[in-house]
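Take a look at the structure set out below.
The values are calculated or read from the model by the stated rules, or taken from the named source; none is laboratory data. These figures come from a predicted structure and were not determined experimentally. Cβ atoms come from the backbone with ideal geometry, glycine included; neighbour counts cover every protein chain shown.
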Amino acid sequence: MRSLFVLVFFLIGCCKVFGQDEALKLNHIYFVLDAVTFEKIKSSKELMAWGNWDKGLPGFDPVDPKTTTAYLRGKSTYLEIMGPGNKFGEKEGAVGIGFSWDVRGQFSDDIQKKQKNEGLKFERSESKWDFGNGKMLWYSAYYTKLKGSIATWYAFYNPDFLSNLYRKPYTSFTREDFLRNRWDTTKSITDISGMVLDCSSADYDKIIEEMAAFGVRKKASGKTFIIFDVDSIEIRLHLTNREKTAIRELRLKTQAQATENFAIENLQFENTAKELVIKFIK
């Protein structure tokens, strides 16, 4: 009997180590602001002091006046905030949500093993990085061709990329692995905790269908809203008459009460107990 128990425990442990039962997680959110708001965010001493900011790979260098994409890093998630002149060519008002699974052990990106509903088809793309000795796979991403204005994708990240980036061996690629070297425990903002989207009908249906494909259950719903809990991050969708989906609200976890509320152009920053709420007024 004891041997059977040990065997079962070992098998469960192996599944966890190699990521076979890892749940879908929110990785990061991007959005594109108007030029004035973006410049004021970069120059805000208060925001820069609250959060852990950089301008991206490979050096995670500090944000400066020439930065066109600023990253606000948390412990396991991050925001990618762009101005209209960003290198990705994303237009003002664009929104994207990147989801991922932790990869442990040998790299695998078999998305069929993650799907609970195989009726939805996904296309695969690759992102590579050149470390000077040839391009290496950073991640493979899957996306649907469902109609909608918001970008959503589902990614598997390559541990060998981290080994080259940080110059030490990695056998896993979790969100925390990627951000650990950038995580400053003295900063107030620690992670994303939730978001609210004002959705077009196409995006509302698209996100619901994609969540269902991976077995993400709804937390609550009504006639014109639905809430998903993705790895303890609450995603609330509101069905609207908008042609393009927009962020209504972002919630960020904080480990200390920040100062008084303030506004930057059409963004309202409100402090609650252990959260900083960013409201998009426009």
Which one of these is in contact with a Leu (Cβ under 8 Å, 6 or more places away or on another chain), assigned to a helix (DSSP H, G or I), modelled with pLDDT of 95 or more and not hydroxyl-bearing (S, T, Y): I81, I41? I41
Across the range 24-60, what is the total count of residues that are surrounded by fewer than 17 Cβ atoms within 10 Å (Cβ to Cβ) and touching a Ser or Thr at 6+ places or on another chain (Cβ under 9 Å)? 3
Give me the pairs: first residue in the range 216-232 and among the aromatic types (F, W, Y) and modelled with pLDDT of 95 or more, second residue surrounded by 13 or more Cβ atoms within 10 Å (Cβ to Cβ) and not in a strand (DSSP E or B), beta-carbon distance under 7 Å, and six or more apart or on different chains, which are they? F228/M211; F228/V216
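This table checks each residue for (1) in contact with a Gly (Cβ under 6 Å, 6 or more places away or on another chain); (2) farther than 18 Å from Y30 by Cβ; (3) among the β-branched types (V, I, T).
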{"residue": "Y204", "(1), (2), (3)": "no, yes, no"}
{"residue": "M211", "(1), (2), (3)": "no, yes, no"}
{"residue": "G215", "(1), (2), (3)": "no, yes, no"}
{"residue": "V230", "(1), (2), (3)": "no, no, yes"}
{"residue": "L237", "(1), (2), (3)": "no, no, no"}
{"residue": "E243", "(1), (2), (3)": "no, yes, no"}
{"residue": "I247", "(1), (2), (3)": "no, no, yes"}
{"residue": "E265", "(1), (2), (3)": "no, yes, no"}
{"residue": "E275", "(1), (2), (3)": "no, yes, no"}
Only one of (1) in contact with a helix residue (DSSP H, G or I) (Cβ under 9 Å, 6 or more places away or on another chain); (2) more than 23 Å from I233 (Cα to Cα) fails for N158. Which number is that? (1)
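For the subset of the range 57-78 comprising residues that are of a type in the set (G, A, S) and at pLDDT 95 or above, which member is farthest from the chain's Cα centre (by Cα)?
Taking the range 57-78 as the starting set, the residues that turn out to be of a type in the set (G, A, S) are 59, 70, 74, 76.
Cutting the leftovers down to at pLDDT 95 or above gives us 70, 74, 76.
Numbers: A70: 14, G74: 10, S76: 9 Å.
Filtering first and then ranking leaves A70.
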Hey, could you check the range 239-282 for residues that are among the hydroxyl-bearing types (S, T, Y) and farther than 22 Å from K187 by Cβ and say which is surrounded by the most Cβ atoms within 10 Å (Cβ to Cβ)? T245
Have a look at A212, A202, A141 and point out the one that is of a type in the set (A, V, I, L, M), closer than 30 Å to K279 by Cα and not in a helix (DSSP H, G or I). A141
The condition from (1) without any contact (Cβ under 8 Å) to a residue 24 or more places away in the chain; (2) part of a helix (DSSP H, G or I) that T185 misses is numbered (2)
